1. Looking only at segment 99-113, which residues are part of a strand (DSSP E or B) and farther than 29 Å from residue 85 by Cβ?
2. Would you be able to say whether some residue in segment 88-95 is charged (D, E, K, R), in a helix (DSSP H, G or I) and without any contact (Cβ under 8 Å) to a residue 40 or more places away in the chain?
3. Search segment 122-146 for residues that are assigned to a loop (DSSP other than H, G, I, E, B) and pair each with any residue that is modelled with pLDDT of 75 or more and surrounded by 10 or more Cβ atoms within 10 Å (Cβ to Cβ) when their beta-carbon atoms are under 9 Å apart and the residues are at least 6 apart or on different chains.
4. Is it true that residue 63 is in contact (Cβ under 8 Å) with a residue 12 or more places away in the chain, in contact with a helix residue (DSSP H, G or I) (Cβ under 8 Å, 6 or more places away or on another chain) and not assigned by TED's automatic domain parsing to the domain that holds residue 123?
5. Which ones in segment 34-53 are over 16 Å from the mean Cα position of the chain (by Cα) and either surrounded by 13 or more Cβ atoms within 10 Å (Cβ to Cβ) or not assigned by TED's automatic domain parsing to the domain that holds residue 71 (or both)?
6. Assess whether residue 56 counts as being more than 25 Å from residue 124 (Cβ to Cβ), part of a helix (DSSP H, G or I) and outside the structural domain of residue 120 (by TED's automatic domain parsing).
7. Only one of these conditions is not met by residue 129: (1) over 30 Å from residue 35 (Cβ atoms); (2) of a type in the set (D, E, K, R); (3) under 34 Å from the mean Cα position of the chain (by Cα); (4) surrounded by 10 or more Cβ atoms within 10 Å (Cβ to Cβ). Which number is it?
8. With respect to residue 115, determine if the residue is more than 30 Å from residue 40 (Cβ to Cβ), modelled with pLDDT of 90 or more, in contact with a Phe, Trp or Tyr (Cβ under 7 Å, 6 or more places away or on another chain) and outside the structural domain of residue 28 (by TED's automatic domain parsing).
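The values are calculated or read from the model by the stated rules, or taken from the named source; none is laboratory data. Everything quoted here is computed from the prediction, not taken from an experiment. All Cβ positions, even for glycine, are placed from backbone atoms using ideal geometry, and neighbour counts span all protein chains on display.
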Amino acid sequence: MPAPKGNKFAQGNPGGGRKSLYDEKYIKIARAMAALGATDIELADAFGVDVRTLNVWKNEHEEFSSALKVGKAPADDRVKRSLYQRAVGYSYDAVKIFMPGGTLEPVYAPYVEHVPPDVNACHIWLRNRCKDEFRDKQEVEHSGSVTLESLILESLKPVEKKD
């Protein structure tokens, strides 16, 4: 948005403000960084701008916004798969290496390591995938009415002592 007419600070700049720091080469850089899991804060730091400026670029430059979406998709998918695996548990091949006394060569013992399901990962998965059944927010209906008079009368009732 250009500066208002008569703004003495915008004189000599017909656009009404500072020239944008945006550069077309940022599209490729943003896509690559997003694919590696970079956050918007990290992207802004890399480009030497504030996060708000990065958000302006997303709104003003469709190709920049698209590059971020395309770049973030593989990293997001990997995290989703990892969260799912963590929620249901998984197994993987591993090797223990021993060096028994009196031997010249190490002994390799392959085995299968099992990672049990994680309750917190289950909770996150269900809360996001099955919102109606597993949300933290509970809805309660209240019937009747509450008036100032009823609140005052309720507060004046004597408290029953329990033995």
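1. Step one: list which residues in segment 99-113 are part of a strand (DSSP E or B), which gives 107-113.
Answer for segment 99-113, where residues must be part of a strand (DSSP E or B) and farther than 29 Å from residue 85 by Cβ: just 107.
2. Pass one, segment 88-95, residues charged (D, E, K, R): 93.
Within this subset, residues satisfying the condition of being in a helix (DSSP H, G or I) are none.
Among the residues of segment 88-95, not one is charged (D, E, K, R), in a helix (DSSP H, G or I) and without any contact (Cβ under 8 Å) to a residue 40 or more places away in the chain, which makes the answer no.
3. Correct list of pairs: 135/127; 136/127.
4. Numbers: in contact (Cβ under 8 Å) with a residue 12 or more places away in the chain: yes; in contact with a helix residue (DSSP H, G or I) (Cβ under 8 Å, 6 or more places away or on another chain): yes; not assigned by TED's automatic domain parsing to the domain that holds residue 123: yes.
Yes.
5. Going residue by residue through segment 34-53, those that are over 16 Å from the mean Cα position of the chain (by Cα) are 44-50, 52-53.
Matches in segment 34-53: 44, 45, 46, 47, 49, 53.
6. On the way: more than 25 Å from residue 124 (Cβ to Cβ): yes; part of a helix (DSSP H, G or I): yes; outside the structural domain of residue 120 (by TED's automatic domain parsing): yes.
In short, yes.
7. Only one criterion is unmet by residue 129, namely (1).
8. On the way: more than 30 Å from residue 40 (Cβ to Cβ): yes; modelled with pLDDT of 90 or more: yes; in contact with a Phe, Trp or Tyr (Cβ under 7 Å, 6 or more places away or on another chain): yes; outside the structural domain of residue 28 (by TED's automatic domain parsing): yes.
The answer is yes for residue 115.
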